[in-house]
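Asks: There's a structure below that I have some questions on.
The values are calculated or read from the model by the stated rules, or taken from the named source; none is laboratory data. Everything quoted here is computed from the prediction, not taken from an experiment. Cβ coordinates were reconstructed from backbone atoms using ideal geometry, including for glycine residues, and neighbour counts include every protein chain displayed.
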Amino acid sequence: MKFSYISHLYCPKCSNEYESDTVQNLCECGAPLLVKYDLNTLADNWKPKDLEGRSNNLWRYHELLPLTDDSNIVSMGEGMTPLIEMDSLNTHMGINNLYMKDEGIIPTGTFKARGAAVGVSKAKELGVKELAMPTNGNAGAAWSLYAARAGISSTIVMPVDAPKITRNECAISGSNLYLVNGLISDAGKIVGEAVKEHNLYDVSTLKEPYRIEGKKTMGLEIAEQFNWEVPDVILYPTGGGVGLIGIYKALKELQELGWIKKDKIPRLVAVQSEGCAPIVKAWEEGKTESEFWNDSETLAFGINVPKALGDFLVLNAIYETEGCAVSVSDEALLEEQKLISQKEGLFVCPEGAAAFNAARQLRNDGWIKEDEKVVVLNTGAGIKYPNTVSVDVPTLEPNERLKPAAIK
Ligand SMILES: *Cc1c(COP(=O)(O)O)cnc(C)c1O
Ligand SMILES: [Zn+2]
């Protein structure tokens, strides 16, 4: 048995192939590269029962991950997050089988840790000394902390408006951090120049092939947690779309391996914010690529991406699975976030709340049926966004009396 069945890299646009044992970024045609595994050999050598007794994190799927030597793994125990049944919100939404996969309890508080764990581990394996990336906050936090653990230097550029906690996470990890008066696309241009000038390893979203591999483990876990019988619908808050592309890739690989049936794949739903919805617009117009979204704005910072490099892969995954794309207003997601806390005791991030609100919309439209099995990805912890909650709390003097909730 090999540790990984990685075969090579390929371009989903022009089919060019590249080796996976040297540093690679984009294809010469400008498209992102994807990892190909030797699934035929793997299908003969690897069965679901082989997972029994393995560690309860994403490395349990190492055959389907790009690391060839386990000594290069940089891990903080990320992955195998709980799949929680929503047993109060379900009746409220009219979706009987509603689940949340909670990525908020993963290291660094968002699912970005999955991409960082696999991406940084592979960078270490390839001998990378310094990486660079633009970020809306959460990815920079995860990558700078995992890079610190790997002994790799990091240069990070984020918008001044990015959540303050993510700025602090980068700073405390010793990252070479810059803020930019602008959007993630502006940060991207600055990083692009620095990468050329100083020969840094560019780990911008989809500019290296391994972040997707980390994020795809969400799809592997969902399949395993449902005992290899996939749900009907998966909703995912979509910025760069890496998670959605990854989940789709995972499901296709599991079909190739024969671990899940070929006649059913979950309908994938890309959820965006009304203030930044390029994928939704492209899907509504039946297009295969999106256009740059001008003056994007939303408090769901993780999904404020005006133009995603992998937009054509996201749209393809939606079309191939007969999914759809939905946008949600900031007011609606804040309302939903409050409701989820009060009904389920779960403090989800604004992006996750948007995905729940999209499920509600799709149930109201009849697109989701009452008895369908629906999984919503909560991509991060609400506690990373303290400023999205406005509170009005009475303050007492030391000798004052309170009223119990029942009287209030
Ligand atoms: C980055 C991020 C997203 C969007 O992820 P993509 O895979 O880039 O689409 C969603 N939610 C949170 C909390 C994020 O940090
Ligand atoms: Zn190409």
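Asks: Taking segment 218-258 as the search range and keeping residues that are away from ligand 1 (no atom under 13 Å from the Cβ) and polar (S, T, N, Q), which one is farthest from Gly310 (Cα to Cα)?
Replies: Only one residue tops the list, namely Asn227.
Asks: Let me spell it out: the conditions are (1) farther than 29 Å from Lys189 by Cα; (2) part of a loop (DSSP other than H, G, I, E, B), and Thr288 meets all of them except one. Which number is the exception?
Replies: All conditions pass for Thr288, except number (1).
Asks: Quick test for you: out of Phe292, Phe301, pick the one residue that is surrounded by fewer than 20 Cβ atoms within 10 Å (Cβ to Cβ), closer than 22 Å to Ser204 by Cα and either more than 16 Å from ligand 2 (Cβ to nearest atom) or not polar (S, T, N, Q) (or both). Lay out the reasoning, then the answer.
Replies: Numbers: Phe301 fails: surrounded by fewer than 20 Cβ atoms within 10 Å (Cβ to Cβ).
Result: Phe292 is the single residue among Phe292, Phe301 that is surrounded by fewer than 20 Cβ atoms within 10 Å (Cβ to Cβ), closer than 22 Å to Ser204 by Cα and either more than 16 Å from ligand 2 (Cβ to nearest atom) or not polar (S, T, N, Q) (or both).
Asks: Against the conditions (1) in contact (Cβ under 8 Å) with a residue 60 or more places away in the chain; (2) among the polar types (S, T, N, Q); (3) in contact with a strand residue (DSSP E or B) (Cβ under 7 Å, 6 or more places away or on another chain); (4) away from ligand 1 (no atom under 12 Å from the Cβ), where does Ser185 fall short? Just the number, please.
Replies: Going through the list (1) in contact (Cβ under 8 Å) with a residue 60 or more places away in the chain; (2) among the polar types (S, T, N, Q); (3) in contact with a strand residue (DSSP E or B) (Cβ under 7 Å, 6 or more places away or on another chain); (4) away from ligand 1 (no atom under 12 Å from the Cβ), Ser185 breaks only (3).
Asks: If you go through segment 364-388 one residue at a time, how many are surrounded by fewer than 20 Cβ atoms within 10 Å (Cβ to Cβ), farther than 16 Å from Asp87 by Cβ and either among the basic types (Lys, Arg) or within 16 Å of ligand 2 (Cβ to nearest atom) (or both)? Walk me through it before giving the result.
Replies: Here is the first cut: in segment 364-388, the residues surrounded by fewer than 20 Cβ atoms within 10 Å (Cβ to Cβ) are 364-367, 369-373, 383, 386-388.
After this cut, where a residue has to be farther than 16 Å from Asp87 by Cβ as well, the list is 364-367, 369, 372, 383, 386-388.
Of the ones still in play, those that are also either among the basic types (Lys, Arg) or within 16 Å of ligand 2 (Cβ to nearest atom) (or both) are 369.
Selection size over segment 364-388: 1.
Asks: Take segment 291-308 and flag every residue that is in contact with a strand residue (DSSP E or B) (Cβ under 8 Å, 6 or more places away or on another chain) and part of a helix (DSSP H, G or I).
Replies: Result: Gly302, Ile303.
Asks: Pull out all pairs, ordered by first then second residue, where Cβ-Cβ is under 6 Å, the residues are six or more apart or on different chains, the first lies in segment 346-365 and is touching a residue at least 12 places away in the same chain (Cβ under 8 Å), and the second is within 16 Å of ligand 2 (Cβ to nearest atom) and assigned to a helix (DSSP H, G or I).
Replies: From residues that are touching a residue at least 12 places away in the same chain (Cβ under 8 Å), there are no pairs.
Residue-wise test of (1) in contact with a strand residue (DSSP E or B) (Cβ under 6 Å, 6 or more places away or on another chain); (2) within 16 Å of ligand 1 (Cβ to nearest atom); (3) over 22 Å from Lys252 (Cα atoms).
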site	(1), (2), (3)
Phe3	no, no, no
Lys13	no, no, no
Cys29	no, no, yes
Leu33	yes, no, no
Leu42	no, no, no
Arg60	no, no, no
Leu67	no, no, no
Asp70	no, no, yes
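Asks: What about Ala148, is it among the small types (Gly, Ala, Ser), more than 16 Å from ligand 1 (Cβ to nearest atom), farther than 21 Å from Pro209 by Cβ and assigned to a helix (DSSP H, G or I)?
Replies: It is true that Ala148 is among the small types (Gly, Ala, Ser), more than 16 Å from ligand 1 (Cβ to nearest atom), farther than 21 Å from Pro209 by Cβ and assigned to a helix (DSSP H, G or I).
Asks: Here's a follow-up. If we keep just the residues of segment 357-394 that are more than 20 Å from Glu297 (Cα to Cα) and in a helix (DSSP H, G or I), which is farthest from ligand 1 (Cβ to nearest atom)?
Replies: Out of the qualifying residues, it is Asn364.
Asks: Working carefully through the options Ile73, Ile95, Ile105, find the one that is β-branched (Val, Ile, Thr) and in contact with a Lys or Arg (Cβ under 6 Å, 6 or more places away or on another chain).
Replies: Going through Ile73, Ile95, Ile105 in turn, the sole match is Ile95.
Asks: While we're here: Check Tyr236 against each of (1) hydroxyl-bearing (Ser, Thr, Tyr); (2) at pLDDT 95 or above; (3) in a helix (DSSP H, G or I) and name the one condition it does not meet.
Replies: Failing condition for Tyr236: (3).
Asks: If I filter segment 240-276 down to residues being part of a helix (DSSP H, G or I), among the β-branched types (Val, Ile, Thr) and away from ligand 2 (no atom under 16 Å from the Cβ), which single residue comes out as farthest from Ala113 (Cα to Cα)?
Replies: That would be Ile247.
Asks: Can you tell me which residues in segment 1-16 are more than 24 Å from the chain's Cα centre (by Cα), in a loop (DSSP other than H, G, I, E, B) and either within 16 Å of ligand 2 (Cβ to nearest atom) or not charged (D, E, K, R) (or both)? Talk me through it step by step, then tell me what you get.
Replies: Step one: filter segment 1-16 for residues more than 24 Å from the chain's Cα centre (by Cα), giving 1-3, 7, 14-16.
This time we only want the ones that are in a loop (DSSP other than H, G, I, E, B), so: 1-3, 14-16.
Scanning segment 1-16 gives Met1, Phe3, Cys14, Ser15, Asn16.
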